[in-house]
Amino acid sequence: MSRFLLLTVFMSCSIAYASEVLAMEITRAVMLSNSCAACHGTDGKSPGAIPSINGKSTQFLVQALHDFQDGKRPATVMGRHATGYSDEEIQLIADFFSSRP
Amino acid sequence: MSQFSRRKFIKLLAGSGALVSAPGLLTSCSKGARAKIVIVGGGFGGATCARYLQKFDSSLKITLIEPSRQFITCPFSNMVISGMQTMDSISQGYTALTNHGINVLHTRVRAVDAAVRMVALDNGDVLQYDRLVLSPGIDFKWCDVEGMDESDAEIIPHAWKAGAQTTLLRNQLRAMDDGGVVIVAPPVNPFRCPPGPYERISLIAHYLKQHKAKSKILVLDAKDTFSKQALFMQGWEELYPGMIEWVSASKGGRIDEIDVATRTLYTESGDRHKGDVINFIPPQKAGVLAQNAGLANDDGWCYVNQRTFESKEHKYIHVIGDASIAGKMPKAGFAANSQGKVCAAAIVSSLREVAMPEPSYVNTCYSLLSPGYGISVAAVYRYSKDRGIYKTGGGVSPLDADAAYRLQEARFAKGWYDSITMDTFG
């Protein structure tokens, strides 16, 4: 518990700094997920006809991508896109967008 | 204009009065803190790269150089040509990028000097960079066209750079009499937006069907096959029966010479075709800026490390978008947006002196055959040292899909435009 609190304090410090300079760690999840933005909007927030994917649960996103791969979920282009990702990559993408506000 | 020599460049600097002792500045190259990134070209590649550099590290000093105050997108310009949309609806500004802290300069680049890492601008400024990103788009190989040069594009528009050319082709179609012949001549590979000419043919047919139903479209192609060919041909049969005739390169489509005054095309096979409106799309090469900076190969394109987009010619210069050869990726706005992000990640990783994780690239090209009939080709890509950028998944829309599927893809085409323009310019 105390370790958790310490972490929280540390994190709020980083956020306070962050208002000055924002530096994002470039992870594999970031590399994978940024390419989704051209259709689903920056950070998964779509301004138009394509569904937003930010803030959805990890479980929902993982399931949807697997169902697209297996053809269980009706799709146009997503059935084709989903074939390009491994299970591990799907998990990383789902984690990324579920954590976007 | 040929490549500037270093001596000339320094002279140029002295002349501009901005900087004199150029070599001394080299040592000020920053590592991490306030590194200077100069991006040239404010289209899908350059603007996205600027935006994501800023997202990755807001301490970077990012300058985006783009002559136009409004970027007119090639995507959806075929909808303007066919009267479905206005020029305003495909015009994007730079206010949002400025608000993100990116310094947007509306001027041209006069010269790039890779040796001293400097860019001289038409407005007299000289910028020093730690990393330079060029996203100059395409230019045309007019020297490969017999009987026509750049100035003739006022009579025979290419409309392959959106803007005044788009309006010109639109106006010519409106002025044409019913029963006229429109000739569209797509170029050899590689070129900007592989399905683009065929979307254009479809949407011109859509316009003619409504307003000039006796007219015909003749396609004289410099290739024997084209992107999403089976889907386009099925759609043409369904939507515009008898209106479009496509002639492949080897069956008489290859053009030998153009007579601009009489709007006549002479083919290699010895045929002569007169058009009431001609849309000749010339063969292409990397934008002139890349040529002048010595970044293009003999074939006219820029070769890069496909993981980082750093030029094979010059260190610390990256080339993205249509101008670069990016493995299996097509030359397209979506691809440029994807490359802009990978390039931004590569630059920030290199400045932080950390390894960039494995890149992932995506492309989707939607094409409309009518306002409610869309098709697409999609692909996911990875990089390997041996293969460069290669495909890991994707595919094209199915043949024989029902009307609901085509309508959904037409809706998604518009949704894609809204998302990518916001992701790039928003």
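Side notes on the structure shown:
- Within the stretch B:309-337, the set of residues being charged (D, E, K, R) and outside any strand (DSSP E or B) comprises B:Lys312, B:Glu313, B:Lys315, B:Asp322, B:Lys328, B:Lys331.
- The stretch B:356-407: number of residues that are aliphatic (A, V, I, L, M), facing chain A (nearest Cβ under 9 Å) and surrounded by fewer than 20 Cβ atoms within 10 Å (Cβ to Cβ): 3
- Within the stretch B:408-426, being at the interface with another protein chain (Cβ under 7 Å from one of its Cβ atoms), among the hydrophobic types (A, V, I, L, M, F, W, C) and farther than 16 Å from A:Arg80 by Cβ holds for B:Ile420, B:Met422.
- Hits in the stretch B:58-92 (condition: over 14 Å from the mean Cα position of the chain (by Cα), surrounded by 22 or more Cβ atoms within 10 Å (Cβ to Cβ) and within 14 Å of chain A (Cβ to nearest Cβ)): B:Leu60, B:Ile62
- Residue match in the stretch A:57-71 (condition: within 7 Å of chain B (Cβ to nearest Cβ), part of a helix (DSSP H, G or I) and either over 14 Å from the mean Cα position of the chain (by Cα) or of a type outside the set (Phe, Trp, Tyr) (or both)): no
- Close pairs (6 angstrom Cβ cut-off, 6 or more residues apart or separate chains): among the β-branched types (Val, Ile, Thr) in the stretch A:53-64, modelled with pLDDT of 95 or more anywhere: A:Ile53/A:His40; A:Ile53/A:Gly44; A:Ile53/A:Phe97; A:Thr58/A:Ala94; A:Thr58/A:Asp95; A:Thr58/A:Ser98; A:Val62/A:Ile90; A:Val62/A:Ala94
- Pairs meeting the criteria (first residue in the stretch B:193-204 and basic (Lys, Arg), second residue not in a loop (DSSP other than H, G, I, E, B), beta carbons under 6 Å, at least 6 apart or on different chains) are B:Arg200/B:Asn78.
- Verdict on B:Gly340 being within 9 Å of chain A (Cβ to nearest Cβ) and either assigned to a strand (DSSP E or B) or in contact (Cβ under 8 Å) with a residue 40 or more places away in the chain (or both): no
- Residues (more than 7 Å from chain B (Cβ to nearest Cβ) and in contact with a helix residue (DSSP H, G or I) (Cβ under 7 Å, 6 or more places away or on another chain)) located in the stretch A:20-29: A:Ala29
- From B:Ala335, B:Ala346, B:Ala326, residue being farther than 16 Å from B:Ala50 by Cα and touching a residue at least 24 places away in the same chain (Cβ under 8 Å): B:Ala326
The values are calculated or read from the model by the stated rules, or taken from the named source; none is laboratory data. Keep in mind it's a predicted model, so treat the numbers as computed, not measured. Positions of Cβ are generated from backbone atoms using ideal geometry, with glycine treated the same way; all protein chains shown enter the neighbour counts.
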